[in-house]
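The values are calculated or read from the model by the stated rules, or taken from the named source; none is laboratory data. All of these numbers come straight from a predicted model, not from anything done at the bench. Cβ placement follows ideal geometry from the backbone for every residue including glycine, while neighbour counts extend to all protein chains displayed. When the accessible area is computed, the model is the full protein with side chains, heavy atoms only, and any ligands, DNA or RNA have been set aside. Shrake-Rupley method; radii C 1.70, N 1.55, O 1.52, S 1.80 Å.
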Amino acid sequence: MKTLLELEREVFLLKEPDPELGKTIRERFGVSDLTAKIIANRGLHTIQEIDGYLKPLLKNIPDPFAFRDMRRIVERIYRAIKDGETILVYGDYDVDGITATALLIRFFKQIGHSAVRYYIPDRFKDGYGLNRERLIGLYRLTPFQVLITVDCGITAGEAIETMAGLGVDTIVTDHHRAETGPPAALGVLDPSLKDCGFPFKNLAGVGVAFFLLIALRSHLREVGYWKSRDIPEPDLRRFLDIVSIGTIADMVPLIGINRIIARFGLTMLSNTSHPGLRSFLETLKLIGERTISPWDVSFKIAPRFNAAGRLERGDPGVSLLTIEDNAEAFSITHRLEELNRQRQEIENRTLKDAIERVESRRGFVSPFAIVQWNDTWHEGVIGIVASKLVERYGRSVALISLDGEHGKGSLRGTPGNNIFEALQACSPWLVSYGGHPMAGGLRIHRKNLEAFSKSFSDSLQRQRNGIPPKKEWRIDAMIGAEGIPDEFFSELAMLEPFGLGNPAPLLGLREFQIQSPSLLQGKHIRFTLKQGDNKALQAIAFNAAEAWEKLKNVSTIIGVPGINHWNGRAIPQMNIKKFLVDHLDL
Ligand SMILES: [Mn+2]
């Protein structure tokens with residue numbers, strides 16, 4: 001990558017794909033120069049990889065029996081179905097956990113096994129993961145013989161042992177990393193286990209649960225279940241709508257299998273006939289002429305499911321995804337809407353408070369990390385607020401909500417840092433912790449806040465060899481007077497869906513004219529973009545009012561090409577992300 005311009009907290013980089021690769025893609029797939037360049041920029045090297053990217057097909061997903069323990073697990077579940085044993089599905093209160101729970105419940109009901117219940121832990125009373133006391137309580141209330149965890153369980157050795165003592169077989173399905181070895185369960189499905197042969201390591205929790213169903217369906221076929229019970233074999237593609245919601249919401253990269261799930265799942269979702277989902281999506285005005293996008297999932301759908309778990313219980317989300325009647329769907333949709341409104345209020349208040357603390361240099365602020373703590377913050381929203389601070393300040397953020405001497409924290413990272421490894425380095429100061437490279441959670445004593453902050457920042461600094469993070473603009477191509485080719489906008493669909501790991505293309509434009517700009521609602525700028533002899537292109541810059549005054553002096557603009565669906569028409573549009581007065585050196 002070539003550095004075009006470096007500012008204090010931002011750097012503008014131009015990707016430089018292998019020209020031979022670009023040429024091969026152009027000739028083989030018949031796409032424009034620009035599209036070929038963008039594909040070559042995605043880090044795909046072989047023709048097979050490029051083929052897989054341009055034609056993401058369900059038939060290309062790997063064998064579910066490549067998972068360690070899968071055979072033993074499906075045999076045990078089959079025995080439970082045959083003997084009418086009760087299965088308890090234990091989920092998580094986030095969207096991944098909620099969708100994974102709903103997925104299994106729907107499947108078991110559909111195949112005629114009604115002895116199935118679920119439990120979504122209470123974030124405040126039970127905490128994350130398998131809660132031993134809660135499980136004993138649930139068992140005493142109504143015994144169950146098989147426990148299936150989804151999106152959790154990999155670190156729950158103790159609870160699993162206790163349940164084994166009560167005669168319960170536990171099946172763990174998770175995608176989190178284990179700090180120690182896997183628990184002694186009947187079976188453990190987790191692609192991140194060292195001895196797990198499943199080739200794709202980036203599944204969300206709901207993705208792991210989906211592969212369990214693929215394997216279970218095939219096992220039930222082998223034992224002649226469908227024939228003997230006269231039940232049609234379920235079409236698992238019909239479940240991809242909820243699998244895609246959990247996958248996108250959990251921020252796993254939309255590459256490989258996840259991209260296949262998202263691509264088919266979002267199409268299913270946009271045409272869903274499930275009464276709960278349909279009522280919900282209609283309220284959000286997402287049922288219409290265009291396909292639901294990962295952005296819609298992340299910013300409209302997921303927050304509503306999450307709001308329930310953040311403020312009280314995640315159960316309404318599971319109910320919505322598993323019910324079969326319209327009237328109930330309507331009332332749950334409204335409940336989720338109301339909870340989301342409350343969540344938004346609390347979040348805005350917390351964000352404002354956190355920004356004030358950063359700007360007045362309270363808590364801990366370094367070029368590598370921001371750590372802030374407060375007694376009044378609601379622990380249900382600190383994760384979202386931390387993400388917004390990362391976006392704003394371009395460095396890793398930890399927010400800690402204190403209750404007496406104890407604190408619970410949420411962490412979010414920047415590319416180029418590994419939050420989980422940084423937490424490992426700080427473990428002497430922590431009660432417990434867990435997470436991924438990009439996000440994590442912790443428990444801490446108040447007295448260790450300062451020491452943790454310093455140690456966290458030092459560790460991030462070491463990871464970056466002492467160079468502070470900057471906001472990176474990774475530009476796919478610079479476009480001059482030649483303009484963007486017409487066919488490019490229709491080729492965009494081949495690259496979708498865009499999201500984490502498969503970002504929307506970013507273009508830098510020079511030698512253009514900005515025609516008839518207007519300021520919308522005092523905050524957005526709309527204009528017509530003209531390059532050379534090319535047709536004029538519609539452009540919009542959201543929340544860019546501060547650029548209004550300098551518009552005449554702008555020499556380069558950076559934006560994302562897209563399609564604006566409006567009134568039954570699809571109009572190419574540039575979504576402008578940055579106006580630059582400086583020249584980018586080419
Ligand atoms: Mn998850």
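Where does each of Met70, Met438, Met251 land when they are ordered by accessible area, with a 1.4 Å probe and the largest first?
Greatest to least solvent exposure: Met251, Met438, Met70.
Counting only protein heavy atoms and using a 1.4 Å probe, what share of the accessible area of region 60-336 belongs to carbon plus sulfur, as a whole percent?
Ligands and nucleic acids excluded, carbon and sulfur reach 50 percent.
Could you tell me the relative contact order of region 60-336? Use alpha-carbon pairs under 8 Å, at least six residues apart, and round to a whole percent.
It comes to 22 percent, rounded to a whole number.
Hey, for a label at Asp195 modelled as a point 7 Å past Cα toward Cβ, could you say which residues of region 159-185 have their backbone N under 13 Å away?
181-185
For the chain, what proportion of DSSP beta bridges, expressed in % and rounded to the nearest 5, is antiparallel?
Just about 60 percent of them are antiparallel.
Cut-off under 18 Å on the C-alpha distance; same-chain residues fewer than 8 positions from Lys552 excluded. Which aspartates and glutamates are left, in chain and number order?
Correct list for Lys552: Glu511, Asp582.
Given points 7 Å out from each Cα along the Cα-Cβ axis, report the Lys55 to Glu338 separation in nanometres with one decimal.
Simple spin-label model gives 5.2 nm for this pair.
Using a 1.4 Å probe on the protein heavy atoms only, what accessible surface does Glu338 show? Give it in Å² to the nearest 10.
60
Divide by every residue of the chain the summed helix terms, -39500 (n - 2.57) for each DSSP H run of at least 4, and state the resulting mean residue ellipticity at 222 nm, rounded to the nearest 500 deg cm²/dmol.
Helices in the chain give a 222 nm mean residue ellipticity of -11500 deg cm²/dmol.
Ignoring ligands, DNA and RNA, what percent of the 1.4 Å accessible area of region 418-520 is carbon and sulfur?
Summing carbon and sulfur atoms, their accessible area is 53 percent of the total for region 418-520.
So, in Å, what gap is there between the alpha-carbon centers of region 431-472 and region 497-542?
About 37 Å separates the Cα centre of region 431-472 from the one of region 497-542.
Above 38 Å lies some portion of the pair distances; for the chain, what is it as a whole percent of all C-alpha pairs?
Tail of P(r) above 38 Å: 35 percent of Cα pairs.
Tell me the per residue accessible area of the chain using a 1.4 Å probe; a whole number in Å² is fine.
Result: 44 Å² per residue.
Please sort by residue number the trypsin sites (Lys or Arg not before Pro) in region 341-376 whose DSSP state is loop and whose Cβ has at most 16 other Cβ atoms within 10 Å.
Listed in order of number, the matching sites are Arg361, Arg362.
Determine the alpha carbon to alpha carbon distance for each of Lys23/Lys530; Lys109/Lys388; Lys59/Lys388 and list only those over 30 Å.
In this structure, Lys109/Lys388; Lys59/Lys388 lie more than 30 Å apart at Cα.
Under 11 Å from a label point 7 Å along Cα→Cβ of Met478: give me every residue in region 1-22 with its amide N that close.
What the label zone holds, given the 11 Å backbone N cut-off, is 2-5, 13-15.
By its C-alpha gyration tensor, with a ≥ b ≥ c as the square roots of the eigenvalues, how is region 60-336 shaped: rounded for a/c under 1.5, else prolate for a/b larger than b/c, else oblate?
It comes out rounded by the Cα gyration axes.
Where a ≥ b ≥ c are the square roots of the eigenvalues of the C-alpha gyration tensor, would you call region 26-183 rounded, which needs a/c under 1.5, or, failing that, prolate if a/b is larger than b/c, or oblate?
Prolate is the answer for region 26-183, as a/c is 1.5 or above and a/b outweighs b/c.
What shape does region 361-469 have by the C-alpha gyration tensor, where a ≥ b ≥ c are the square roots of the eigenvalues, rounded means a/c under 1.5, and otherwise prolate means a/b greater than b/c and oblate the rest?
Prolate, since a/c reaches 1.5 and a/b exceeds b/c.
Please list, or write none, the lysines whose alpha carbon is within less than 18 Å of the alpha carbon of Lys2, excluding same-chain residues fewer than 8 places away.
Within the straight-line limit of under 18 Å, Lys2 reaches these lysines: Lys15, Lys37, Lys470, Lys471.
Any aspartates and glutamates with Cα under 12 Å of the Lys201 Cα? List them, leaving off those in the same chain fewer than 8 positions away.
Within the straight-line limit of under 12 Å, Lys201 reaches these aspartates and glutamates: Asp174, Asp190.
Relative contact order of the chain, please, whole-number percent, based on alpha carbon pairs below 8 angstrom and at least 6 residues apart.
Answer for the chain is 12 percent.
Using 0.36 nm times the number of residues separating Lys300 and Arg446, minus their current alpha carbon distance, what extension gain do you get?
49.0 nm
Could you calculate the FRET efficiency of Glu487 with Asp375 from 1/(1 + (r/R0)^6), where r is the beta carbon distance between them and R0 is 60 Å, rounded to 0.05?
0.55
Ignoring the sites themselves, what is the longest stretch of the chain with no chymotrypsin sites (Phe, Trp or Tyr not before Pro) in a DSSP loop and at most 16 other beta-carbon atoms within 10 Å?
Value returned for the longest uninterrupted segment is 201-541.
From the phi angles alone, apply the Karplus equation (6.51, -1.76, 1.60; θ = phi - 60°) to region 359-375 and give each ³J(HN,Hα) in whole Hz, x where the residue is Gly or Pro.
Taking θ as phi minus 60°, the curve returns 5, 9, 6, 8, x, 10, 9, 9, x, 9, 8, 10, 10, 10, 9, 6, 7 Hz for region 359-375.
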